[in-house]
Structure formats: structure tokens, C-alpha cells
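Participant: Structure incoming, see below.
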Amino acid sequence: MAQENSKVSILTNGIIKENPVLRLVLGTCSILAVTTAVSNALGMGVAFTFVLVCSNIIISLLRNVIPAKVHLPCYIVVIAGFVTIVQMVMQAYFQSLYTALGVFLPLIVVNCIILGRAEMFACKNSVVDSALDGVGMGIGYTLTATLMATLREVLGSGSWLGFQVLPESLPKVGIMTQAPGAFFCFGLLMAGCVWLEGKLDARVERKIGCQPLKDLQEGEDKE
Amino acid sequence: MIVKLAAIFFSMILVNNYVLVKFYGICPFLGVSKKLDSSLGMSGAVIFVMFMATAVTFPLQIFVLDPADLGYLQTIVFILVIAVLVQFIEIFLKKYMVSLYNALGVYLPLITTNCCVLAVTILVVDDYGADVATLGFAAAYIESLVCAVGSGVGFMLAMCLFSGVRTRVEACDPPEPFKGLPITLVSAAITSPYFMGFGGIVENIFNVTL
């Protein structure tokens, strides 16, 4: 029973306790860019989750084979392989989504969440645990992206997933779907998250880092 | 030709600013832009790596991947080139240019996972790859290199602007939940429309269509 609990906690870890976007503050570039519409956010979330789960599984399988000295290039090649698969599938079957996501699809390769999970979790844990961790983190990412896209799409275009939700007579806040709106929404969401943590007495320290943890600490020591 | 290059350079800095308009490289922007000297060091390293990476990947795409019909390998090949290049530059600087290494060395390992570099290598192929057929390889190559340096300078501009903004913001007293990152993001939201306002200015000054 205790073991099952730990499996569940690995899965839910990524959704709330270690939400990759709002609590670990990783992978911010793609979150800001793809949340102009809910459909884009969902598409990016699915692509991201697929790459994360697959790369976690492969890296966890290979964790005793990959030499420590060249581990980063090895991880990057595994991740880039899966990203290429996603690119090809999406180009073949979801052309409009492929165009909407643009360069941010290949940029999943350098998304720090994936590299970070490989570095912190998959290289130390069993295959099943790593896959669960990938699913949890993926859901956490997708939920956050969808939440932010909902805010931006409802305010900016008055619709949700393409359906009109606000009456036509209400003026639209066009800037919400553009660059400033993305920064503003993300700032608000994060502040809301901090406020909620204060109420629940679960304040976490936010460190920004698109880097593997080791490099981040080295960088801080130098400061 | 020179007018067009200047137009490309300035439009990459102002209109298509990589950080504030296009969202590439947000992580180092939020992480390293606390002090002016670390902002300068990081963006210096980024400009350098962007230039070198584009110098390698653009011919690679035109002369190797395209003729061999291997365009789908772009992502894997480019990220590998960048990773190897960053390692190589680090070793080279450590051995031959110690002073430059001391200034940029700390930031180099972080650059492999910086979206800016991969983004610029992919985007110049999309934007200027077609020019090879019309203007010849040399012209397209120079355009892509100018574009790479311009994007890097744009990154530097955003980083330096924000090292100043953040010093001011930290001295103020925002509401408790906004302290730290959230208020920085909100200040970015206020700065970013100015860069959108530059649209059209560059094209009209240089009188070219990009």
C-alpha cells in the first residue's frame, strides 16, 4: 500500500507540489509564446508531454550505460530524436497547429523542464517512476498553459477554444494576445500562486533557472 | 546591400527583439539580469555563440542537409553542433584567450540550453535560405550572420535595460505576493509595447521592405 502511495505521489508531484512552470519556474519561453489560444496551449502540452515521457523512459533505461562525462549531449540527442518525431507527425496530420507553434516546436529540445527532469529524476529512478514523473510534469505544464491561455483568449479574443463566450458587444483587450499580455498574465498568475501559498502556509522559494541544477548552483556561487 | 544589412540589423534589435517581443531566452533574461556586469557577460557570450553557431549551421543546411534531402534532421544536427561548439569555444578560450575566458567563462555552459541560439540558427535558414537561389550564397550568408549578431545585440539591450529596471524595482515596495519575479514580469509587460511601437520605423528609415 505504501508503495502505491509513493507512485501516486510521484504522479501528483508535478501537478501541484512541484509544478514545473509556476513553482520551479522552468520552460518559461514556450509558456509565454504558445498561450495565445487554448488550442495552441493544448497542442503544445500534448507534444511536450509526449517528448517528456518518452525521453524520461529512454534515459532511465540507459541510466547505467551513459557515461557521466558526456551525459548532457546524450540526453540532448535522445530528446532531439523525440522532438523530430513529434515535428514529423504534427506536420503530417496537424498542419495548422504546426504552423501556429512554429519554431517553438523544435525549441522543445532546449526546454529546461525536460533536461531538468532527465538530470534530476530519470537518471536516478526506475523506468516506471520516471514515466509517471513525466506524465505528472506534463499534466502540470499542460494545465498551467491552458489556464494562462484561457485568461488570454477570453480577454483578448472573447472566445474559448474557438467558441464565443463573451458577448460581441464587449470590447476586446487585444493586447492580451500579444507579447505584453503574455508577460502580464504570467506575472499575475505567479503572484496569485504566491498569494495562495501564503494563505496555505506553504511558501516556496522561487529560483529561476533554465539550466541543469548543478550549473545554476555554480553560477550562484560565483556571484 | 549595405542599407539592407543595416535594416536587418536594426530590425532584429528593435522590432523583433528576441526577449521582449519573440520570447526567446526568457530564462537567462529572468535569471541573470539582476546586475549590469553579469548581464553584459552573459549577453556577450550569447552574441559570440550565436554568431559562431550561425556561421557553422547555415552552410551546413545549404550544402549538406538540403542537397541530401535530410531537412528533417535539422533539429538534431543543429543542437549537436551548438553543444559541440560551446564546448570547443570554452576549451579554446581557456587555452588561448584567458582574459576573455575569465569574463565569459561562467556563462558559456549555460548557453547550450539557451533557446536564443537554437532559435536563431533555425530562423535564419527559414528567412534567408531562399535568398541563396536569388542573391547567391555569399550574400545570403552575410545576411544571416548580420541577423544573428543583431538578434544577439537585441538580447543584450533587453538584459541591460532590465538590470537597471530591476535595481529600481527591488528598491520599491510592491505588494507581498508580487515581490521578486512577478513584478519583473509585469515590468517586462510594460516595456514590451515600446518595442512593438518600433515596427515600421526601421523599414521607413532605410526605405526597404524586409
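The values are calculated or read from the model by the stated rules, or taken from the named source; none is laboratory data. Quantities reported herein were computed from a predicted structural model and do not represent experimental measurements. When we count neighbours, we look across all protein chains shown, and the Cβ atoms used for this are built from the backbone with ideal geometry, even at glycine.
Participant: Kindly indicate whether any position in the stretch A:165-172 is out of contact with any Ser or Thr (no Cβ under 7 Å at 6 or more places or on another chain) and of a type in the set (Ser, Thr, Tyr). Even if it seems obvious, please write down each step before you answer.
Facilitator: Our first condition is that a residue be out of contact with any Ser or Thr (no Cβ under 7 Å at 6 or more places or on another chain); within the stretch A:165-172, this holds for A:166-171.
Adding the requirement that they be of a type in the set (Ser, Thr, Tyr) leaves A:169.
The answer is yes, given that some residue of the stretch A:165-172 is out of contact with any Ser or Thr (no Cβ under 7 Å at 6 or more places or on another chain) and of a type in the set (Ser, Thr, Tyr).
Participant: Just one of the numbered conditions (1) in contact with a Phe, Trp or Tyr (Cβ under 8 Å, 6 or more places away or on another chain); (2) over 30 Å from A:THR177 (Cα atoms); (3) surrounded by 22 or more Cβ atoms within 10 Å (Cβ to Cβ) is not true of A:ILE76; which one?
Facilitator: (1)
Participant: Can you find a residue that is part of a helix (DSSP H, G or I), under 30 Å from B:VAL169 (Cβ atoms) and aromatic (Phe, Trp, Tyr) anywhere in the stretch B:10-20?
Facilitator: yes
Participant: Quick one: which helices (runs of 4 or more DSSP H) lie wholly within the stretch A:1-109 and hold at least 3 residues that are within 12 Å of chain B (Cβ to nearest Cβ)?
Facilitator: On the way: elements: A:2-12, A:28-34, A:38-61, A:71-93, A:95-101.
Correct list: A:28-34, A:71-93.
Participant: Name the residue, out of A:ILE113, A:ILE175, that is under 26 Å from B:PHE195 (Cβ atoms) and modelled with pLDDT under 90. Explain how you work it out, then say what you get.
Facilitator: Working: A:ILE113 fails: under 26 Å from B:PHE195 (Cβ atoms).
Going through A:ILE113, A:ILE175 in turn, just one is under 26 Å from B:PHE195 (Cβ atoms) and modelled with pLDDT under 90: A:ILE175.
Participant: Out of curiosity, is B:SER144 at pLDDT 85 or above, buried (at least 18 other Cβ atoms within 10 Å of the Cβ), within 16 Å of the chain's Cα centre (by Cα) and away from chain A (no Cβ under 14 Å)?
Facilitator: So B:SER144 fits the description; yes.
Participant: I'd like the full set of residues that are at pLDDT 90 or above and surrounded by fewer than 16 Cβ atoms within 10 Å (Cβ to Cβ), limited to the stretch B:185-210.
Facilitator: Result: B:ILE190, single match.
Participant: Among the residues of the stretch B:61-82, write down those that are over 18 Å from A:VAL110 (Cβ atoms), free of Cβ contacts under 8 Å to residues at least 60 places away in the same chain and assigned to a helix (DSSP H, G or I).
Facilitator: B:PHE63, B:VAL64, B:LEU65, B:GLY71, B:TYR72
Participant: Moving on to the next point. Would you check which residues across the stretch B:88-105 are over 24 Å from B:ASN17 (Cα atoms) and in contact (Cβ under 8 Å) with a residue 40 or more places away in the chain and list them?
Facilitator: Just the residues of the stretch B:88-105 that are over 24 Å from B:ASN17 (Cα atoms), to begin with: B:88-103, B:105.
If the condition is that a residue be over 24 Å from B:ASN17 (Cα atoms) and in contact (Cβ under 8 Å) with a residue 40 or more places away in the chain, then B:ILE89, B:ALA103 are the ones that fit.
Participant: If we keep just the residues of the stretch B:11-26 that are in contact with a Gly (Cβ under 7 Å, 6 or more places away or on another chain) and surrounded by fewer than 24 Cβ atoms within 10 Å (Cβ to Cβ), which is nearest to the other protein chains (Cβ to nearest Cβ)?
Facilitator: This residue is B:VAL15.
Participant: Would you check which residues across the stretch B:168-199 are more than 14 Å from chain A (Cβ to nearest Cβ) and touching a residue at least 60 places away in the same chain (Cβ under 8 Å) and list them?
Facilitator: Once the filter is applied, which keeps residues that are more than 14 Å from chain A (Cβ to nearest Cβ) and touching a residue at least 60 places away in the same chain (Cβ under 8 Å), the stretch B:168-199 yields nothing.
Participant: Using the structure shown, decide if B:SER38 is more than 25 Å from A:VAL70 (Cα to Cα), within 12 Å of another protein chain (Cβ to nearest Cβ) and in a helix (DSSP H, G or I).
Facilitator: For B:SER38, the condition - more than 25 Å from A:VAL70 (Cα to Cα), within 12 Å of another protein chain (Cβ to nearest Cβ) and in a helix (DSSP H, G or I) - is met.
Participant: Separate question: May I ask you to list the residues in the stretch A:156-189 that are within 12 Å of another protein chain (Cβ to nearest Cβ) and of a type outside the set (Phe, Trp, Tyr)?
Facilitator: Residues of the stretch A:156-189 within 12 Å of another protein chain (Cβ to nearest Cβ): A:174-176, A:178-189.
Residues satisfying the conditions are A:GLY174, A:ILE175, A:MET176, A:GLN178, A:ALA179, A:PRO180, A:GLY181, A:ALA182, A:CYS185, A:GLY187, A:LEU188, A:LEU189.
Participant: Of these, B:LEU85, B:LEU108, B:LEU118, B:LEU123, which one is buried (at least 20 other Cβ atoms within 10 Å of the Cβ), under 26 Å from B:VAL32 (Cβ atoms), free of Cβ contacts under 8 Å to residues at least 40 places away in the same chain and within 14 Å of chain A (Cβ to nearest Cβ)?
Facilitator: B:LEU123
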